[in-house]
Amino acid sequence: MNWDALGAVAQLLGALAVFVTVIYLTIQVGQSEKVQEQQNALTSAVIMQSRTDTVMRFVDVVTKDDTNLNVIARYTENPEELDLAAMPQGERLRIRYLATCARALF
């Protein structure tokens, strides 16, 4: 075998190696996209779970004490009575705490 034939075989093997590498990289990019999509779905699920936990904690705070429900009912039925300065201190603190919990939802 002479040098020209050996050079031609080497060029053929080089071109084949480039072709195989391109195919391999194409497969890797596709797999990487799938992994990224799965990671995005997991992140979305974690965010939704966190949001649900926050809502559940708020509902727990509001409903675990009848006084909370009474204060909320009184001032939502008659919003003109919602005057923090004239309100008893206990109710004022309760309204501020519940408002802070509600703001945490948003």
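Please go through (1) surrounded by 10 or more Cβ atoms within 10 Å (Cβ to Cβ); (2) out of contact with any Asp or Glu (no Cβ under 7 Å at 6 or more places or on another chain); (3) not polar (S, T, N, Q) for TYR75 and return the number of the only condition it doesn't satisfy.
Of (1) surrounded by 10 or more Cβ atoms within 10 Å (Cβ to Cβ); (2) out of contact with any Asp or Glu (no Cβ under 7 Å at 6 or more places or on another chain); (3) not polar (S, T, N, Q), only one is false for TYR75: (2).
For residues in the stretch 80-106 being under 16 Å from THR67 (Cβ atoms) and part of a loop (DSSP other than H, G, I, E, B), which is least open to solvent (accessible area, probe 1.4 Å)?
Among those residues, the one meeting the criterion is MET87.
Quick check, is ALA10 exposed (fewer than 10 other Cβ atoms within 10 Å of the Cβ) and not hydroxyl-bearing (Ser, Thr, Tyr)? Spell out the reasoning first.
Values: exposed (fewer than 10 other Cβ atoms within 10 Å of the Cβ): no; not hydroxyl-bearing (Ser, Thr, Tyr): yes.
Taking the combined requirement at face value, the residue does not satisfy it.
Being within 17 Å of ALA99 (Cα to Cα) and open to solvent by less than 60 Å² (accessible area, probe 1.4 Å) is the filter here; which residues of the stretch 41-66 pass it?
Across the stretch 41-66, the qualifying residues are THR54, VAL55, PHE58, VAL61, VAL62, ASP65.
The values are calculated or read from the model by the stated rules, or taken from the named source; none is laboratory data. Given the structure is predicted, the values throughout are model-derived calculations rather than measurements. Counting neighbours? That spans all protein chains shown, and the Cβs are built from the backbone with ideal geometry, glycine included. Just so you know, the surface numbers come from the protein's heavy atoms only, side chains and all, with ligands and any DNA or RNA stripped out. Shrake-Rupley method; radii C 1.70, N 1.55, O 1.52, S 1.80 Å.
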